[in-house]
Amino acid sequence: MKLGKALLYLFLSVSSLLVLVPFYWMLNTSLKSSAEVAKVPPSLIPAEFRLQNYVDAVVQAPLLTYLINTLIVGVSVVAVSTAVSVLSAYAFARLHFRGKNVLFFIVLATMMIPQEMLIITNFQTIADWGWMNTWQALVVPYWINPFNIYLLRQTFMQVPDELYLAAKVDGLGNFRFLRKVMLPLSKSTVTTTVILSMVLIWQTYAWPTLVTTKDDLRLVSNGLQNAFTSSVGNMEYELQMAAATLITVPLVAMFLFLRKSIFAGMLQGGIKG
Amino acid sequence: MKVSLERLTKTFDEKGKSSRAAVNRLNAEIKSGTLTGLLGPSGCGKSTLLFMIAGLHSTTEGKIWFGEQEVTNLPSEKRGVGLVFQNYALYPHLTARQNIAFPLLNSKNLKAQTQKKLDELVKEQGVNVKYKSYVDSLVAETAKLVEISDYLDRKPSELSGGQQQRVAIARALIKNPSILLLDEPLSNLDARLRIQTREEIRRIQQRSGITTIFVTHDQEEALSICDEVIILKEGTLQQQGTPQDVYDHPSNQFVAQFLGNTPINILKGKIESGKLYVGETEWLSLPKPLPDQRVNVGIRAEHVLAASYPRQQTLPVKVVKSFRTGGAFTAEGQLPDGQTLTFLNDRNDPYRENDLLRVYVRPQTMSIFDDKGDRILEC
Amino acid sequence: MLRKKRNPAKARYDNSAYLYLLPAFLLMGIFTVYPVINTFVTSFKHDFQFLTGNYAGLSATHYLDVVSDPVFRRALLNTMFIAFVCVPGSMLVSLVLALGLHSIKRLQGFYLTIFYLPQVTNVIAAGLVFSFIFNTHFGLMNAVLGWFGIEPVAWISGEGIVGSQERYNEAYMRSLFVLFVNNVWDGLSLHVLLFLGGLQNINKQYYEAASVDGVSKWTVTRKITLPLLSPTTIFIFVTSVIFAFRAYANVVALFGGSYGPPGDNSKMMITLVGYIMDALGNYLTPGAVSSAGAAAVVLVLMVMIVVFLQLKLTKRWVFYR
């Protein structure tokens, strides 16, 4: 191999190692006993692998609750928001009605509105409705996702007109057509929106922080931030890192499993190797 | 600059598949200062061959010579070739002027060469010219040669297809290459522009005198402007010669069928006792004796002549169709054994269906091929 | 024979479409459109009371309060840092990595997967990990520095800053560094992918043409690759800056709920969104929500101005329509 190429691989390898450092440190710390965590300088590999930390983290946090909450919220958000987006995108893509362009422009405009403007009033709305610390508060605002509507509309528009007209001749109503033709043909985009929604719920922090004050409703992000982070007394880093690992693993696993399709969406030529 | 190709072979390694040779033991010599066409159907290896000459593809086997120098293993930029891509590959963010000047301003090699020329010029004429201005003058000169001077400050997206191509040619010529290579220069242009542009390529080549090789799949194009054509099929050389040569004396059936606007008639027949039979019908006596065998007879439509008086060695033909495309009048007739014969029609008095006539062909205008399509008779 | 409808306007209107749109627009109305208007209006309600909805007339007092608040100025400074230092830093690193990835065939997918990994981590989790890496006593960073004989650095613990402006500034610089590393780590994941996509879109024939002319790889990168990559670059820059203005969760994870070392009340590392969230957290105080609204409006205005300026400035650099 030529020198240039060898150096390039070296550079890339070193860079990837650097990127992996936080993962390594997270794992490393999560397996240490609290005595070992307090060692100065810290050890690079745990003296013994203390899986008990994970159990403790789950018990103390309560991490399991957060994970389950996130899962429940995630599934309901995905289910409803996908349905809402699909219906709207279908209407914009295929149906003819007065004001179509104006209404779609409104959707586009809302796509550009930053969360920060919405969060204040939505907080007020939730409070007025008595929805503080409820499931609804966590789920309902996420049911609307203008970006997904836009994405799905683009995909639906690629289904040729002829299919629709042929179906009409066969007597297929609009909704049937959507279910039996449009959706199957747009499977990959729908999958993408499902993934995006799920990742969104996994990452979201500000809104859940506002509307949940009780542990039994917290999601992973705001739950993690609140647990183990006591400013007084000793921080139990090993538990914190164990919790962080538990939260990171599902998403990383999903990513590794689906990486080819995630990359294909954004790269023309696909990836080699 | 003469180009010699010796047993040139190129195979592409594909995982799992047995590699087929894209270019297969090709021997050819291209004379200096000529315009040569590499002609053949899609996939015959002509572009691969062109890129091998350019140095973009490596050689699996064989040698390439530019004049007396072997360049087989020489990297592309040291060969002194100018290459024009089918899609022009003009840098879209630069103006035509900047595109043309690009090689001279950005290649160490070319900069050194051009600087040397400038130094000699300075010594000779005693003028003090900066490198950049020298390059500008070269750009202007080359632009004039390809007639693109008025469009130098436009970006490629603001130029028509034909203009873009001329810029691409200018960019190749400014290096003063010893060989100019063009990959399907006309296939992106519409029909009328194609004819105009091919004449321009001819003109540019003659004015500059550079050995030029271009790839095309259009036989009419190649035959109309080339000094010589090299016909390829599946990586193998079929024939090399002047346009008239390959047209009148095709070395095999493939070449005969590939050339010519109206497809050549190929009649199945046989040779028996020195006589040529079409189907089972005896037709004429061969001027040279040949062994008995099955043959394919190639006759161009324009060489089929109607017998206006009874004479020897004619074939009976019943007219089946009479048609005209624009200014070309042709007719299709049926021979006794059912084979079809295409021939020229009289524009003033076209044949009608079911007309009967007798046709003859001068033996020198026929090509006789054996069963496998190789030529067997030199007429 | 099916023919395409010539004039869609004349075709029958499908009123069932409105049913399809109903859920989305209902939700949008309540959670998107109404909030925009309401937040804007509330920001002008002097001393707005959250529980009762009463307020003491309309005025711009809260805007003045916000803009003159030193904590707001701090938030603005930090957010600018993220937008105009961290983002370009991340983009630069990502560009180099993407160029490297683009030049290799084998293992390209492997490296790309690793580089993309930060994108799928939970923001809070990542922030906590970084926070611990930079822990003064037990962190990895100081351990590594220790190998080179360097004394442990108080990255974010802010020791000894009380009462000393100089110490405070030092601590601030160090915290900015930590923020920078975290942002670059997180940012490069997406940026590498986008840059790589842009690089793959460049027609290979440009490179072939250049190689026949003998143009060196470095010149090709400079004069061909980068200019042709400029639309992608600008897209990444604009969208990343927009996201940078929204930074919040990672700062909370890195520096804690008080945005800074314990004992310090200046909210050293607060961002604009953090400012809004804190104001909202005090919602029972009269006027707190109005201030939050005012800050939000100011934030949105700033983003719009910044994006506008960005697009204007970068127009010169793109050669495409």
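Being out of contact with any helix residue (DSSP H, G or I) (no Cβ under 6 Å at 6 or more places or on another chain) and aromatic (Phe, Trp, Tyr) is the requirement here; does B:PHE102 meet it?
Taking the combined requirement at face value, the residue satisfies it.
Collect the residues in the range B:55-85 that are in a strand (DSSP E or B) and within 14 Å of chain C (Cβ to nearest Cβ), keeping them in residue-number order. Explain how you work it out, then say what you get.
Start the filter on the range B:55-85 by keeping residues that are in a strand (DSSP E or B), which leaves B:61-66, B:69-70, B:81-84.
Of everything in the range B:55-85, those that are in a strand (DSSP E or B) and within 14 Å of chain C (Cβ to nearest Cβ) turn out to be B:VAL81, B:GLY82, B:LEU83, B:VAL84.
Matching residues to (1) under 30 Å from B:THR34 (Cα atoms); (2) free of Cβ contacts under 8 Å to residues at least 40 places away in the same chain:
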| position | (1), (2) |
| --- | --- |
| B:TYR247 | yes, yes |
| B:GLY269 | no, yes |
| B:THR281 | no, no |
| B:PRO289 | no, yes |
| B:VAL295 | no, no |
| B:ARG311 | no, no |
| B:THR314 | no, no |
| B:VAL319 | no, yes |
| B:GLY326 | no, yes |
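Restricting to the range C:260-285, count the residues that are open to solvent by 10 Å² or more (accessible area, probe 1.4 Å), under 15 Å from C:VAL66 (Cβ atoms) and either in a loop (DSSP other than H, G, I, E, B) or more than 8 Å from chain A (Cβ to nearest Cβ) (or both).
Result for the range C:260-285: 6.
Looking at the range C:216-242, which of the residues that are more than 7 Å from every other protein chain (Cβ to nearest Cβ) and either over 30 Å from the mean Cα position of the chain (by Cα) or not in a helix (DSSP H, G or I) (or both) is surrounded by the most Cβ atoms within 10 Å (Cβ to Cβ)?
Looking at residues that are more than 7 Å from every other protein chain (Cβ to nearest Cβ) and either over 30 Å from the mean Cα position of the chain (by Cα) or not in a helix (DSSP H, G or I) (or both), I get C:VAL220.
I'm told A:SER76 meets every condition in (1) open to solvent by 10 Å² or more (accessible area, probe 1.4 Å); (2) touching a Leu at 6+ places or on another chain (Cβ under 8 Å); (3) away from every other protein chain (no Cβ under 12 Å) except one. Can you identify the failing condition by its number?
Unmet for A:SER76, out of (1) open to solvent by 10 Å² or more (accessible area, probe 1.4 Å); (2) touching a Leu at 6+ places or on another chain (Cβ under 8 Å); (3) away from every other protein chain (no Cβ under 12 Å): (2).
Restricting attention to the range C:39-61, and to residues there that are buried (at least 20 other Cβ atoms within 10 Å of the Cβ) and not in a helix (DSSP H, G or I), which single residue is farthest from the other protein chains (Cβ to nearest Cβ)?
Kept after step one, since they are buried (at least 20 other Cβ atoms within 10 Å of the Cβ), are these residues of the range C:39-61: C:39, C:42-43, C:45, C:48, C:50.
From what's left, not in a helix (DSSP H, G or I): C:43, C:45, C:48, C:50.
On the way: C:SER43: 9, C:LYS45: 12, C:PHE48: 10, C:PHE50: 7 Å.
The qualifying residue farthest from the other protein chains (Cβ to nearest Cβ) is C:LYS45.
Sort out which residues of the range C:62-112 are open to solvent by 10 Å² or more (accessible area, probe 1.4 Å), within 12 Å of chain A (Cβ to nearest Cβ) and within 22 Å of the chain's Cα centre (by Cα), and write them in order of number.
C:VAL93, C:VAL96
Which one is nearest to A:MET198 (Cα to Cα) among residues in the range A:79-102 that are modelled with pLDDT of 90 or more, open to solvent by 20 Å² or more (accessible area, probe 1.4 Å) and at the interface with another protein chain (Cβ under 9 Å from one of its Cβ atoms)?
A:VAL80
Out of the range C:157-193, which residues are outside any helix (DSSP H, G or I) and modelled with pLDDT of 85 or more?
Passing the criteria: none in range.
Mind checking which residues of the range B:133-153 are in contact (Cβ under 8 Å) with a residue 12 or more places away in the chain and either exposed (fewer than 11 other Cβ atoms within 10 Å of the Cβ) or assigned to a loop (DSSP other than H, G, I, E, B) (or both)?
The answer is B:GLU147, B:ILE148, B:LEU152, B:ASP153.
(1) crowded, with 20+ Cβ neighbours inside 10 Å; (2) modelled with pLDDT of 90 or more; (3) facing another protein chain (nearest Cβ under 10 Å): which one isn't true of C:ASP213, the others all being true?
It fails just one condition, (2).
Among the residues that make up the range C:175-182, is at least one of them within 30 Å of B:SER76 (Cα to Cα) and in contact (Cβ under 8 Å) with a residue 12 or more places away in the chain?
no
All but one of (1) part of a helix (DSSP H, G or I); (2) over 16 Å from A:LEU239 (Cα atoms); (3) in contact with a helix residue (DSSP H, G or I) (Cβ under 8 Å, 6 or more places away or on another chain) hold for A:ALA57, so report the exception by its number.
(2)
Looking only at the range B:165-210, how many residues end up being assigned to a helix (DSSP H, G or I), polar (S, T, N, Q) and surrounded by fewer than 21 Cβ atoms within 10 Å (Cβ to Cβ)?
4
Check off (1) over 25 Å from C:ARG246 (Cβ atoms); (2) in a helix (DSSP H, G or I); (3) in contact with a helix residue (DSSP H, G or I) (Cβ under 6 Å, 6 or more places away or on another chain); (4) away from every other protein chain (no Cβ under 11 Å) for A:VAL159 and give me the number that stays unchecked.
(2)
Please go through the range A:31-65 and pick out each residue that is within 11 Å of chain C (Cβ to nearest Cβ) and either in contact with a Phe, Trp or Tyr (Cβ under 8 Å, 6 or more places away or on another chain) or at pLDDT below 85 (or both). Quick ask: steps written out before the conclusion?
At the first step, the residues of the range A:31-65 found to be within 11 Å of chain C (Cβ to nearest Cβ) are A:32, A:34, A:36-44.
The answer is A:SER34, A:GLU36, A:VAL37, A:ALA38, A:LYS39, A:VAL40, A:PRO41, A:PRO42, A:SER43, A:LEU44.
Looking at (1) among the hydrophobic types (A, V, I, L, M, F, W, C); (2) farther than 22 Å from B:ASN296 by Cα; (3) open to solvent by 60 Å² or more (accessible area, probe 1.4 Å), which is the only condition B:LEU344 fails?
Result: B:LEU344 passes all but (2).
Pairs needed: first member in the range C:24-38, within 7 Å of another protein chain (Cβ to nearest Cβ); second member anywhere, assigned to a helix (DSSP H, G or I) and open to solvent by 50 Å² or more (accessible area, probe 1.4 Å); C-beta distance under 6 Å; at least 6 residues apart or different chains.
C:LEU27/A:TRP143
Given the residues A:PRO141, A:PRO146, which is the only one that is facing chain C (nearest Cβ under 7 Å) and open to solvent by less than 30 Å² (accessible area, probe 1.4 Å)?
A:PRO141
Please enumerate the residues belonging to the range B:289-340 that are of a type in the set (A, V, I, L, M), assigned to a strand (DSSP E or B) and in contact with a strand residue (DSSP E or B) (Cβ under 6 Å, 6 or more places away or on another chain). If you could, list the steps in order and put the result at the bottom.
As a first pass, look at the range B:289-340 and keep what is of a type in the set (A, V, I, L, M): B:290, B:295, B:297, B:299, B:301, B:304-307, B:315, B:317, B:319-320, B:328, B:331, B:335.
Restricting the remaining residues to those that are assigned to a strand (DSSP E or B) gives B:295, B:297, B:299, B:305-306, B:315, B:317, B:319-320, B:328, B:331.
Hits for the range B:289-340 are B:VAL295, B:VAL297, B:ILE299, B:LEU305, B:ALA306, B:LEU315, B:VAL317, B:VAL319, B:VAL320, B:ALA331.
The values are calculated or read from the model by the stated rules, or taken from the named source; none is laboratory data. Quick caveat, the model's predicted, so the values are computed rather than measured. With ideal geometry, Cβ positions are generated from the backbone for all residues, glycine too; neighbour counts draw on all protein chains shown. Quick note on the areas: whole protein, heavy atoms, side chains included, nothing else; ligands and nucleic acids left out. Shrake-Rupley method; radii C 1.70, N 1.55, O 1.52, S 1.80 Å.
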